[in-house]
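Report on one structure; see the data block that follows.
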């Protein structure tokens with residue numbers, strides 16, 4: 001069998017038998033576009049190297065948990081191990097697999113354990129291996145899908161990792177988080193998706209889920225605050241408020257009739 005036949009006739013049924021794509025909340029990503037990890041390294045003189053595209057990405061409760069690298073059934077299962085590890089590392093995943101349809105090689109990057117197994121872990125087994133403890137807010141965040149603007153907006157792999165790690169820290173009740181990213185890496189997009197998940201899961205500092213949070217997007221220049229306001233347009237208009245120093249000075253108070261506020265540092269300086 002070639003690789004496509006191996007996937008269709010051997011690996012796909014094995015994943016299905018283990019509950020992937022069958023158990024509610026589980027998905028198998030196969031399509032080239034949704035499994036693309038990177039567009040390929042930009043090379044000197046223009047052009048790009050070959051893009052990194054996983055054969056399968058296993059998703060449960062809205063979170064990517066593992067990669068499966070497929071090889072045709074005439075190759076040794078070890079032929080796919082290096083790729084499986086690379087893809088999992090890029091996606092920030094603990095678990096990855098290599099399979100030729102006859103054998104399944106399971107790798108845990110967190111512990112370094114590697115072994116041949118009879119079956120893929122089921123969605124619930126893999127979730128428990130990755131997270132272990134039951135966390136109410138992790139579950140709630142996972143139930144809120146990313147806003148993708150009707151499929152036209154796909155997060156970059158490192159953006160998704162940043163969002164996942166930030167939300168996990170919030171679920172663990174950590175009060176202070178810092179994400180450091182270079183210019184042009186999509187910091188506003190990351191902030192938007194975090195705000196989207198917090199807003200629609202009704203997370204607040206009290207963690208009681210009774211109301212939607214108030215979120216402040218703070219910039220150092222008006223142009224950046226305005227850009228962020230426009231980038232958050234998927235939220236309802238009545239949820240967003242653009243705070244301007246001139247309006248505070250005129251009215252003598254900060255507007256509170258909203259949920260997501262955008263302003264600059266100077267708004268909090270005396271005399272503005």
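Mind checking which residues of the stretch 213-272 are part of a loop (DSSP other than H, G, I, E, B), closer than 23 Å to residue 153 by Cα and free of Cβ contacts under 8 Å to residues at least 24 places away in the same chain?
233, 236
Here's the yes/no breakdown for (1) part of a strand (DSSP E or B); (2) without any contact (Cβ under 8 Å) to a residue 24 or more places away in the chain:
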site	(1), (2)
46	no, yes
67	yes, no
72	no, no
80	no, no
83	no, yes
86	no, no
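Just the residues that are in a loop (DSSP other than H, G, I, E, B), touching a strand residue (DSSP E or B) at 6+ places or on another chain (Cβ under 7 Å), under 23 Å from residue 124 (Cβ atoms) and without any contact (Cβ under 8 Å) to a residue 40 or more places away in the chain, please, taken from the stretch 11-34.
Listed by number, the residues that qualify are 21, 30.
Restricted to the stretch 176-201, and to residues that are assigned to a loop (DSSP other than H, G, I, E, B) and touching a residue at least 24 places away in the same chain (Cβ under 8 Å), which residue is surrounded by the most Cβ atoms within 10 Å (Cβ to Cβ)? Here the answer is 186. Among the residues of the stretch 52-65, the ones that are in a strand (DSSP E or B), without any contact (Cβ under 8 Å) to a residue 40 or more places away in the chain and either over 14 Å from the mean Cα position of the chain (by Cα) or not assigned by TED's automatic domain parsing to the domain that holds residue 123 (or both) come to 2 in all.
Could you say which residue among 43, 83, 14 is out of contact with any helix residue (DSSP H, G or I) (no Cβ under 7 Å at 6 or more places or on another chain) and exposed (fewer than 14 other Cβ atoms within 10 Å of the Cβ)?
One residue alone meets the criteria, 43.
Report yes if residue 126 is part of a helix (DSSP H, G or I) and either outside the structural domain of residue 200 (by TED's automatic domain parsing) or surrounded by 13 or more Cβ atoms within 10 Å (Cβ to Cβ) (or both), otherwise no.
Answer is yes for this residue.
The values are calculated or read from the model by the stated rules, or taken from the named source; none is laboratory data. Everything quoted here is computed from the prediction, not taken from an experiment. A quick note on method: Cβ atoms are made from the backbone with ideal geometry, for glycine too, and the neighbour counts reach across all protein chains shown.
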